[in-house]
Amino acid sequence: MTYLLHTYGCQMNVRDSEMLAALFESCGLLPARDEADADLILINTCAVREKAEDKAIGKARLLCAKKKTRPLLVGFTGCMAQRLGHELFKRVPRLDFALGTRSFNVIPELLQRLRDGDTRIAYLDPPTNSPGNPDQHLAAPLSAFVTVLLGCNRRCAYCIVPDVRGPEYSRPAADILNEVQTLVQNGTREITLLGQSVMRYGLANDAWHSSTSATYREPFPRLLHAVAQTPNLRRLRFTSAHPTGCTDELIDVLRRHPNICHHLHLPVQSGSDTILAAMRRGYTRDDYLNTLRRLRAAIPDIAITTDIIVGFPGETEDDFQQTLSLVREAAFDNSFIFKYSPRPGTPAASLDDSLSPEEKMRRNQLLLDLQDQVGQTLNDNLLHTTLDILVEGPSLRNPSRWSGRTSTNKIVIFENPGSISPGDLLPVIITRVLPQTLYASLASQ
């Protein structure tokens, strides 16, 4: 039997898909070349926005229509599967199975039932503290995600994640360190520690049964410090962060270890205190900007990226103007901007969402244009400088060129003379800049 995975959503879903692929292959399945070659297709879904759900449902309906011409098993997993539950079988009548966000340990049983001819199989229990199989990897890739925190307890007003991902569960530090060490020993150069709100690692349960670090009191800085000391680990990242987690201890860890990348994804969501309070974000505009000042004072070249929601219920023009002014003042290296999408069951879903789609689009575009201006200004300062990049391989948009990434997470495009391989760390000279992309020549040339 062959399998194919379609993945929508965040890095957590990308990591889950890798874990699922590893579990499938441990049960004897083989990766398919494409949809036409697949016996089983699993769609790993996102529930953060309605558009992502619609896209996944549409994909499943198209795949199930192919059952008329050939045998094919189609299933859902991920956040949308957890949110909609058994309703999925009504929306996609020929769907074969649905798998919840913490049910991956049932994969052997699921596959056996499918082989026996069972259909409409559902493993959709509410997410519990069970971590499933978080340490499964296909192989040691150049860059690897390592899940450290499952679930989320923050309960932001707009967010469905706590309902579909379950309560926070921090994996034991010893398990994480063993996983990282194994990956690095097998050739992984870069590790990204994952959690929906990763800085809350260790706060909901004791994750330090066999602590290897007493240098820091706070759980996440302790973990970061311990992972950074892994022999031969060249780069270490983590996501996603929260302003309230940027403590003095965390900043000290970032400053202390040269292999911790100088990039932080720090969602702000709005520049208005009124909207931040309605979102239940737990900080003010000044809190956020003060956090940026502390980070940049300690690590002057740190790159900050963010998430912003436009059109949250009640957002006035003045609220939006405050977001624009925050983007100017914060000088983000990049902003991921989203139009508000109500999620059933969240507190914000009951609020008046009367802002027109056209107005949401206008605000969205204004922020995108402003971010391009800010990004271009920041990158102009990098022209003719020498930066180290981790080579990733041929560029996705132009395979004749290659791409790499700086410690600050900027994409760099360069010409490969034929002697460069994925995983190489090398210096390049920046020769041209765009708002989100750098172009370079090899320093040796």
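So the values come out like this:
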| read-out | value |
| --- | --- |
| Qualifying residue in segment 223-234 (condition: within 22 Å of the chain's Cα centre (by Cα) and of a type in the set (D, E, K, R)) | yes |
| Qualifying residue in segment 168-180 (condition: under 27 Å from residue 280 (Cβ atoms) and of a type outside the set (D, E, K, R)) | yes |
| Hits in segment 106-120 - residues which are open to solvent by less than 70 Å² (accessible area, probe 1.4 Å) and outside any helix (DSSP H, G or I) | 117, 118 |
| Checking residue 225 against (1) over 21 Å from residue 153 (Cα atoms); (2) free of Cβ contacts under 8 Å to residues at least 24 places away in the same chain; (3) touching a Ser or Thr at 6+ places or on another chain (Cβ under 8 Å), the condition it does not meet | (2) |
| Criterion (surrounded by fewer than 22 Cβ atoms within 10 Å (Cβ to Cβ), β-branched (Val, Ile, Thr) and under 27 Å from residue 249 (Cα atoms)) met by exactly one of 184, 198, 180 | 184 |
| Segment 333-353 residues that are within 30 Å of residue 435 (Cα to Cα) and open to solvent by less than 70 Å² (accessible area, probe 1.4 Å), paired with ones that are basic (Lys, Arg) and modelled with pLDDT of 95 or more (beta carbon under 8 Å, 6 or more apart) | 333/410; 340/360 |
| Subset of segment 23-44 (residues that are out of contact with any Asp or Glu (no Cβ under 9 Å at 6 or more places or on another chain) and open to solvent by less than 10 Å² (accessible area, probe 1.4 Å)) | 24, 38, 42, 43 |
| Some residue of segment 45-66 being of a type outside the set (Lys, Arg), closer than 20 Å to residue 113 by Cα, touching a residue at least 24 places away in the same chain (Cβ under 8 Å) and surrounded by fewer than 17 Cβ atoms within 10 Å (Cβ to Cβ) | no |
| Test result for residue 371, of a type outside the set (A, V, I, L, M, F, W, C), at pLDDT 95 or above and open to solvent by less than 40 Å² (accessible area, probe 1.4 Å) | yes |
| Which listed residue is over 23 Å from the mean Cα position of the chain (by Cα), exposed (fewer than 14 other Cβ atoms within 10 Å of the Cβ), outside any loop (DSSP other than H, G, I, E, B) and not basic (Lys, Arg), from 417, 427 | 427 |
| Test for residue 339: is it out of contact with any helix residue (DSSP H, G or I) (no Cβ under 9 Å at 6 or more places or on another chain), among the basic types (Lys, Arg) and under 20 Å from residue 159 (Cβ atoms) | no |
| Only listed residue being of a type in the set (D, E, K, R), over 21 Å from the mean Cα position of the chain (by Cα), farther than 24 Å from residue 236 by Cα and surrounded by fewer than 18 Cβ atoms within 10 Å (Cβ to Cβ), chosen from 380, 388 | 380 |
| Residue list for segment 67-83, filter: in contact with an Asp or Glu (Cβ under 8 Å, 6 or more places away or on another chain) and of a type outside the set (S, T, N, Q) | 71, 72, 73, 74, 75, 78, 80, 83 |
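Here is a yes/no grid of residues against (1) more than 15 Å from residue 324 (Cα to Cα); (2) assigned to a helix (DSSP H, G or I):
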position: 349; (1), (2): yes, yes
position: 358; (1), (2): yes, yes
position: 362; (1), (2): no, yes
position: 369; (1), (2): no, yes
position: 373; (1), (2): no, yes
position: 376; (1), (2): yes, yes
position: 379; (1), (2): yes, yes
position: 382; (1), (2): yes, no
position: 398; (1), (2): yes, no
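The values are calculated or read from the model by the stated rules, or taken from the named source; none is laboratory data. Computed from a predicted structure; not experimentally measured. Backbone-built Cβ (ideal geometry, glycine too); neighbour counts: all protein chains shown. In case anyone asks, the SASA skips ligands and DNA or RNA and just uses the protein heavy atoms, side chains included. Shrake-Rupley method; radii C 1.70, N 1.55, O 1.52, S 1.80 Å.
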